[in-house]
Structure formats: C-alpha cells, structure tokens
Amino acid sequence: MPLTAYDLTGRTAFVTGAASGIGRASATLLAQAGATVHCADRDAQGLHETAALIKESGGTAHTHTVDVADHAQIAEAVASAATTSGGLDIMAAIAGVMHNSTVLETREEDLDRVLSINFKGVLYACQEAARTMIAAGTRGSIVTMASGAVDTGGPGLLCYGAAKAAVVQLTKTLATEIGSHGIRVNAVAPGWIRTPMTTRHDESAQAHTEALMVRMSPLGRVGEAADIAHAVLHLASDAASFTTGQILRPNGGVAMPW
Ligand SMILES: NC(=O)c1ccc[n+]([C@@H]2O[C@H](COP(=O)([O-])OP(=O)(O)OC[C@H]3O[C@@H](n4cnc5c(N)ncnc54)[C@H](O)[C@@H]3O)[C@@H](O)[C@H]2O)c1
C-alpha cells in the first residue's frame, strides 16, 4: 500500500490561517488524510465554517481564535492543542496578509505590520511547535508558507516579499537546528493562487490578472487552493520523510530556480 505514506491517522496538526483560502484547503485535506486538525485564525466565523466542513466529512477539528502576531496567544493555543490531542505532529504556518506599496511609498507601520504577521507569526508558530515536539520526542513536520515572490519579485512587493524571504531563511535555519530531533522543516512557495487574498472587487481587474498569470504559466492555468494543500500534505506526511530545509514551488512553472 504505497499510499500509506500519506496516511495521517493518529496524528495531530495545527494549521494557522485555517479560516480561508490555502489554510482552509490544507486543514480540510490534512483531516481527510486522517489527522485531527486544530484550526487557528483571527477570523472566528471562517474558523467555524472550516471546522464544520471537516466534521461534515467525518474528520475531527478544533478551533482557536488567535492573532498569529501575538506570541502569547500562539503559545497558549499550541499548548492547548497538544494537551487536548495528546501531542503535536504537524504545524502548518499558513496565515498571512498581502500588502502592496512601492519602496518609495512604504511606511514604517506597513513594514512592521506585514513583518509581524507574515514573518513573526510564522516564527512564533515554528518556535512553539518545535518546543512541543522536542519535549515530547515527536519526529514531526513543520510546514511554512512562503511565496513565489521570493523568486520573482515585482513592483509593490517590498514588505510582503521581505517577510516571505525571511520565512525561507527561518525554514532553512530551523531545519538545520532541529533535524537531529527527527523534525523536518520545509516551506511551500506558491505561485498565484485563486483565493480571497487575490480576489479583486473589480471583475475586469480580476480577469486581467488571471489572464496574465495564465500566459506566464507553461500549464496555462492559475493555481487553486487545493494545489497548495496537496503540497502541504506531501511535506507534512511520511512521503517527505527525507525532505527538510527545502522550498517546494507549486507555481505552475512560472519560476524555475535551481
Ligand atoms: N493566494 C496566493 O496567490 C498566494 C501565493 C503565495 C503565497 N500565499 C500565502 O498563502 C497564505 C494563505 O493565503 P491565502 O491566499 O489563502 O489568503 P486568505 O486571505 O484567503 O487567507 C489568509 C488567512 O490568514 C488569516 N490571517 C491573516 N492575518 C492573521 C493574523 N494576524 N492572525 C491570524 N490569522 C490571520 C486570515 O484571517 C485568513 O483566514 C498566506 O501566507 C499567503 O501569503 C498566497
């Protein structure tokens, strides 16, 4: 049964950003693979909807309303998840926000806000997961969410891209520091994915952006949240048991770094 490597029965996962988009798709897929999933987000209503989706398909879900930029809140939620479920095997640190401003227009408060959520929020989740796994002797998996922005750059992406580049550095550094405990740390760097984050209010602007992304991809389509959830599942599972410190790039072939 080669697919047993993707079976997460008996494992516990903590997923940030689980109220929407890629986080919701990842939480539901990890649950379908058998994991008990602790869904964390600042959006309580969205969390409720994700947990309902998981339970409707026979899975087990818990919710934690947290601001990932608040270390104390993340620490408390991860500790509570581990106590409730008897440990923690998987951390998927997915919560994030988009921000667009040119370098010349970027204000210090923009940079602080984006770094707090997109970098420090991932850092705190990684720290709490690693501490919990090490204390329990769990050979777990930590998955962080970077972005194709680290490969391609682009106007307006200073704050967002800097935070995602920091996530890549965190991922590689932590992988080297805790690999001896059997804990793997990897990042996913998605290309353009159709989620609430990338949805424009203006339909023609949306169509224009999507057409551009379709032209840029050798596959001739944009990405969906499920494409990224499968990358998260792969890295979380035993199928990736010899993979650590890596950046997985489900980007439709838009960027092909070495
Ligand atoms: N959609 C894309 O094209 C794309 C591409 C590359 C990377 N990403 C990354 O994937 C991740 C998920 O993005 P998405 O597209 O699903 O966006 P989304 O807006 O649908 O979901 C983001 C989730 O993060 C939550 N969140 C934001 N700030 C938070 C905070 N301070 N505390 C707790 N929760 C918070 C939101 O409430 C939301 O549920 C992000 O890190 C994003 O940067 C997205």
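The values are calculated or read from the model by the stated rules, or taken from the named source; none is laboratory data. If you're wondering where the values come from, they're calculated on a predicted model, not measured in any experiment. Here Cβ is always computed from backbone atoms with ideal geometry, including for glycine, and neighbour counts include all displayed protein chains. Calculation scope for accessible area: heavy atoms of the full protein, side chains included, ligands and nucleic acids excluded. Shrake-Rupley method; radii C 1.70, N 1.55, O 1.52, S 1.80 Å.
Annotations
- Considering the conditions (1) in contact (Cβ under 8 Å) with a residue 40 or more places away in the chain; (2) buried (at least 18 other Cβ atoms within 10 Å of the Cβ), MET98 is excluded by exactly one of them, (2).
- For the range 181-233, a tally of residues being part of a loop (DSSP other than H, G, I, E, B), within 10 Å of the ligand (Cβ to nearest atom) and open to solvent by less than 40 Å² (accessible area, probe 1.4 Å) returns 5.
- Residues that are over 24 Å from THR244 (Cβ atoms), near the ligand (Cβ under 9 Å from one of its atoms) and not hydroxyl-bearing (Ser, Thr, Tyr) number at least 2 in the following helices (runs of 4 or more DSSP H) confined to the range 1-117: 21-32, 44-56.
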